[in-house]
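A quick write-up on the structure given underneath.
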Amino acid sequence: MRILVVEDERSLCDALATILKQNKYIVDVCYDGIAGEDNAMSGIYDVIVLDIMLPGKNGLEVLKSLRQAGVSTPVLLLTAKSEVEDKISGLDLGADDYLTKPFVTGELLARIRAMTRRKGEYTGDSIVVGETALDKNTMELSHKGRSVRLGLKEFQLLETMMANSAQIVPKERLIEKIWGYESEAEYNAIEVYVSFIRKKLMAINSDIQIKAVRGVGYCLESST
Ligand code: CA
């Protein structure tokens, strides 16, 4: 895993680099937005830790350029307590997470681990998370030789979660995506479908699990 840290407070930047290296990451550092953007554009990083207040070009501008250029590397924004607005714009611009300074090292490492956990990727006609695959043609869910067919709604729900497997997918988004805006009372329906999917995941002894995040939505956890 290769991480780019863009932070102009050199002591903080160097301390982060040291900690990350101790945790077996390969680390590059930049102390301003312009160099940071240049490096980030290479697309070689697994995560970019990006401060917002930077000389040259601020973190939000860098993030915007990256996303416009099609660089989809996960970005963890570093914000000061006072920069709530920036935090919101950052998420709108496509940041994957943010951390408010000052933070403890453990928190940074946990966020980075969550961001680098393998995201669902399409290989041919299947989306794969961990060792569980979902075939979009046959709607078959499989894990190590066992498989089970999903219903259409089950398929759509699970596919959405697998495509966003490092994140919590809000219930509202799932409902909008699968049932559209007009429907009512689907909050219960979604829970019913999730329970069906869970049973099927268990039936194939899958290495992924659907976790409910109370009041927010669902996320997938892979045990491999
Ligand atoms: Ca700064």
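List the aspartates and glutamates whose alpha-carbon lies under 12 Å from that of Lys171, not counting same-chain residues fewer than 8 positions away?
Glu186, Glu191
How long are the three semi-axes of the equivalent ellipsoid of the range 126-222, in whole Å, if each is the root of 5 times an eigenvalue of the C-alpha gyration tensor, listed from largest down?
Details: eigenvalues 92, 39, 27 Å².
After diagonalising the Cα gyration tensor, the semi-axes are 21, 14, 12 Å.
Extent of the range 2-119 along each principal axis, from alpha carbon coordinates, in Å, largest to smallest?
The principal-axis extents, from largest down, are 32, 30, 25 Å.
In whole Å, what are the Cα extents of the range 62-150 along the three principal axes, biggest one first?
Dimensions of the range 62-150 along the principal axes of its Cα atoms: 51, 31, 18 Å.
Taking springs between alpha-carbon atoms closer than 10 angstrom, which of Val47, Val71, Val129 fluctuates most in the Gaussian network model of the chain?
Fluctuation is largest for Val71.
Among residues other than Thr160 whose Cβ falls under 10 Å from its Cβ, what is the net charge (Lys/Arg +1, Asp/Glu -1)? Numbers along the way, then the final one.
Working: positive: Arg173, Lys177; negative: Glu159.
The answer is +1.
Whose amide H sits under 5 Å from the amide H of Val169, counting only residues 5 or more places off or on another chain, with H placed in the peptide plane?
Here Tyr218, Cys219 satisfy the definition.
Taking only protein heavy atoms and a 1.4 Å probe, what accessible area per residue, in Å², does the chain have with all protein chains in place? Don't skip to the end; give the middle numbers.
Details: 11560 Å² over 224 residues.
Here the residues of the chain average 52 Å² of exposed surface.
Express as a percent, rounded to the nearest 5, the fraction of DSSP beta bridges in the chain (both residues included) that run antiparallel. Before the final figure, lay out each step's value.
Values: 22 of 40 bridges.
Once the DSSP bridges in the chain are tallied, antiparallel ones form about 55 percent.
What percent of all Cα-Cα pairs in the chain falls in each 5 Å bin, counting up from 0?
Result, from short to long distances: 1, 7, 14, 16, 16, 13, 12, 10, 7, 4, 1 percent.
Using the Karplus curve 6.51 cos²θ - 1.76 cosθ + 1.60 with θ = phi - 60°, work out ³J(HN,Hα) for each residue of the range 46-51 in order, rounded to whole Hz, and write x for Gly and Pro.
8, 8, 10, 9, 10, 6
On C-alpha positions alone, give me the angle between the axis of helix 105-116 and the longest principal axis of the chain, in degrees, nearest 10.
50
What full-extension length gain, to one decimal in nm, is calculated for Glu61 and Arg10 as 0.36 nm per residue of separation minus the Cα-Cα distance?
Additional length available on full extension: 16.3 nm.
Leaving out ligands, DNA and RNA, and with a 1.4 Å probe, what % of the accessible surface on the chain is carbon or sulfur?
On the way: 5770 of 11560 Å².
C and S fraction of accessible area: 50 percent.
Calculate how steeply helix 152-163 sits against the longest principal axis of the alpha-carbon atoms of the chain, using the helix alpha-carbon long axis, and give the answer as 0 to 90 degrees to the nearest 10.
Once rounded, the angle reads 20 degrees.
Give me the dipole magnitude in Debye, nearest 20, for the range 126-222 about the Cα centre, with unit charges on the beta carbon: positive for Lys and Arg, negative for Asp and Glu. Working shown, then result.
On the way: 13 positive and 13 negative charges, 64 e Å.
Result for the range 126-222 is approximately 300 debye, rounded to the nearest 20.
Between Ala189 and Arg113, what length in nm is gained on full extension when 0.36 nm per residue of separation is reduced by their alpha carbon distance? Please list the in-between numbers first.
Details: separation 76, 0.36 × 76 = 27.36 nm, distance 3.23 nm.
Extra length from Ala189 to Arg113 when fully extended: 24.1 nm.
The values are calculated or read from the model by the stated rules, or taken from the named source; none is laboratory data. Bear in mind that the values here come from a model prediction, so they are computed numbers and not experimental data. Note that we place each Cβ from the backbone using ideal geometry, even for glycine, and neighbour counts take in every protein chain shown. These area figures cover heavy atoms from the full protein model, side chains too; ligands, DNA and RNA do not enter into them. Shrake-Rupley method; radii C 1.70, N 1.55, O 1.52, S 1.80 Å.
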